[in-house]
Amino acid sequence: MIKPEQAQYFFANTEDAVCIISSSGDLEYANPSAEKLFGISSDSGMKIWRAVPYVEGNDDLIQLFIDAVTTKIASHEAIVDYVNNEGEVHNIHVRMTCYNGDETVYLVVITDLTQLIKVNSALVRYTSPDIADYALTTAEGQKSGGMTKNVTIMMSDLRGFTALSSRLDAETLITVLNHYFEAMVAAIHKYRGTVIEFLGDGIFIVFGAPKDIEDHETLAVKCAVEMQKAMKEVNLWNVSNGYPELQMGIGINSGNCVVGNIGSEKKMKYGCMGSAVNITGRLESLTIGGQIYITENTRNHISEELTVVGESTFLPKGAPEELKYYEIEGIGDLTIGEDPVHHIVWEDYDDKDKEYLFYILEEKKVGVKTLHGKILKLSQDKRFALFRSEAELMEKQNIMLRHEDACIYAKVIKKDENGFVICFTSMPQTVSS
């Protein structure tokens with residue numbers, strides 16, 4: 001049995017503010033934490049609601065005390081704001097309980113949640129809401145380790161960003177990126193995706209972890225379509241502020257992955273690993289701006305109607321056989337709009353007799369063999385070119401053209417009867433002007 005002096009010791013040494021009030025609301029006892037919180041003395045004898053400063057922001061707390069006492073509520077709790085005499089705002093959790101059914105005496109316990117809410121808010125901003133909730137409220141979130149889960153992985157990336165970043169100063173670069181990320185994250189949260197991390201200009205997202213989500217494949221594809229639609233507004237804002245337009249590619253794949261906390265006891269992060277992740281990264285690298293590619297693994301689990309505008313195969317590094325993938329333009333009522341790859345409007349190129357030196361890129365390394373080719377036509381938007389070369393180029397191959405002192409990067413889209421259709425992955429002013 002707890003002795004009175006033991007109870008007094010506990011009350012005096014807890015960080016929670018503890019008060020005892022009468023049925024009329026008179027303050028009979030306040031521990032040191034309560035005295036500090038309200039700026040009162042334990043023997044003041046005032047009504048508890050009079051201990052709360054009459055300033056804007058304290059109405060809810062004052063009314064809470066009055067209602068609990070006047071209506072003789074046996075037990076009551078709420079989270080409200082409290083503004084002290086110094087103007088500091090505290091987020092507090094108030095619990096009021098009468099003693100063993102005796103409504104003449106109430107125990108009031110107030111927990112200051114201000115720091116916890118600040119920590120949670122900061123964690124959400126540096127990770128994502130689901131990861132923050134996982135870390136703060138689950139036993140698994142407090143320790144290293146993981147589990148195998150069936151999830152859908154999405155990776156997005158801006159085309160030609162390396163070349164773009166070399167032309168922009170640091171402040172402009174961060175401004176452009178942050179505005180782009182704001183729009184993308186809004187769509188990701190809408191469709192319950194979890195941002196694992198930002199990879200420079202890219203985003204690594206998982207659907208189905210840490211929280212289980214039914215039909216995560218469908219949600220991922222809907223999210224991708226909405227992200228591509230959002231790029232139109234992003235670019236309108238960019239152009240209106242004098243910034244360059246951006247083009248984003250997206251790859252989606254589904255499968256079993258290991259998800260959980262990775263690192264050491266001193267520093268951990270929530271991660272997602274496995275061959276399904278590697279395949280997604282490889283698939284995303286095949287895209288050009290405005291495209292969404294999904295694997296057969298993802299398509300097979302989607303019941304809604306997909307607008308498929310193309311299909312092909314690719315061989316991921318280390319895979320025993322080629323995998324089929326599909327280019328998606330819409331799902332259900334959601335659609336990106338016209339895909340520029342399938343609606344190219346050509347214009348003659350004035351310098352079509354000029355010969356360009358070019359090189360094939362392998363794993364982002366420039367090949368040693370010098371090849372020759374000519375640009376026959378440019379698209380109206382200057383994103384695509386009809387390129388002729390004696391070299392046998394492969395679909396999705398990356399190439400680098402030399403133009404005076406400039407390096408122009410492009411991806412081979414398809415073979416044409418007059419040559420190859422290539423897409424510039426960085427908008428080359430020297431060619432388009």
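The values are calculated or read from the model by the stated rules, or taken from the named source; none is laboratory data. Worth saying up front: this structure is predicted, and the values here are computed from it rather than measured. Reconstructed Cβ throughout: ideal geometry from the backbone, glycine too, with neighbour counts over all protein chains shown. These accessible areas exclude ligands, DNA and RNA; they are computed on the full protein's heavy atoms, side chains included. Shrake-Rupley method; radii C 1.70, N 1.55, O 1.52, S 1.80 Å.
Here the 3J(HN,Hα) profile of the range 287-304, calculated from phi with Karplus coefficients 6.51, -1.76 and 1.60 at θ = phi - 60°, is 6, 10, x, x, 9, 10, 10, 10, 7, 5, 4, 6, 4, 5, 10, 10, 8, 6 Hz, Gly and Pro shown as x. Between ASN418 and GLU56, the modelled label-to-label distance comes to 6.8 nm, taking each label 7 Å out from Cα in the direction of the beta carbon. Among GLY289, GLY263, GLY281, the residue with the largest mean-square fluctuation in a Gaussian network model of the chain, with springs joining Cα atoms closer than 10 Å, is GLY263.
Under the 0.36 nm per residue contour assumption, what length would be gained going from the current alpha-carbon distance of THR162 and VAL368 to full extension? Don't skip to the answer; put the middle values down first.
Numbers: separation 206, 0.36 × 206 = 74.16 nm, distance 2.14 nm.
Extending this stretch completely gives an extra 72.0 nm.
When only alpha carbons of the range 181-279 are considered, Rg and Dmax amount to 15.2, 47 Å. Over 19 Å between C-alpha atoms is what I'm after, so list which of LYS229/LYS415; LYS352/LYS382; LYS382/LYS414 land there. Pairs exceeding the cut-off: LYS229/LYS415.
Using the structure shown, list the pairs from LYS269/LYS411; LYS118/LYS267; LYS47/LYS72; LYS149/LYS222; LYS149/LYS269; LYS47/LYS118 with a Cα-Cα distance above 27 Å, or answer none. From LYS269/LYS411; LYS118/LYS267; LYS47/LYS72; LYS149/LYS222; LYS149/LYS269; LYS47/LYS118, over 27 Å: LYS269/LYS411; LYS47/LYS118.
Can you list the lysines whose alpha carbon is less than 17 Å from that of LYS266, not counting same-chain residues fewer than 8 positions off? The reachable lysines, counting only those whose Cα sits under 17 Å from LYS266, are LYS143. Under a model in which nothing but the beta-carbon of Lys, Arg (+1) and Asp, Glu (-1) is charged, the chain shows a dipole of about 1220 debye around its Cα centre. Quotient of the Cα radius of gyration of the range 12-109 and 2.2 N^0.38 Å, N being its number of residues: 0.98. Quick one: which residues, 5 or more positions from GLN291 or on another chain, have an amide H under 5 Å from its amide H? H modelled 1.01 Å from N in the peptide plane, none for Pro or chain starts. It is ILE250, by chain and number. With respect to the chain, whose longest principal axis is taken over its alpha-carbon atoms, helix 114-126 is tilted by about 10°. Full extension of the chain between GLU214 and LYS269 gives 17.3 nm of extra length, using 0.36 nm per residue less the Cα-Cα distance. Here the accessible area of the chain is 50 percent carbon and sulfur, with a 1.4 angstrom probe and all protein chains present.
Candidates (i) 1.17; (ii) 1.15; (iii) 1.19; which is the computed Rg/Rh (Cα atoms, Kirkwood Rh)? Given (i) 1.17; (ii) 1.15; (iii) 1.19, the structure-derived one carries the label (i).
Over the chain, average the accessible area per residue using a 1.4 Å probe and give it in Å², no decimals. Provide the component values of the computation, followed by the final result.
Numbers: 23050 Å² over 433 residues.
Per-residue value: 53 Å².
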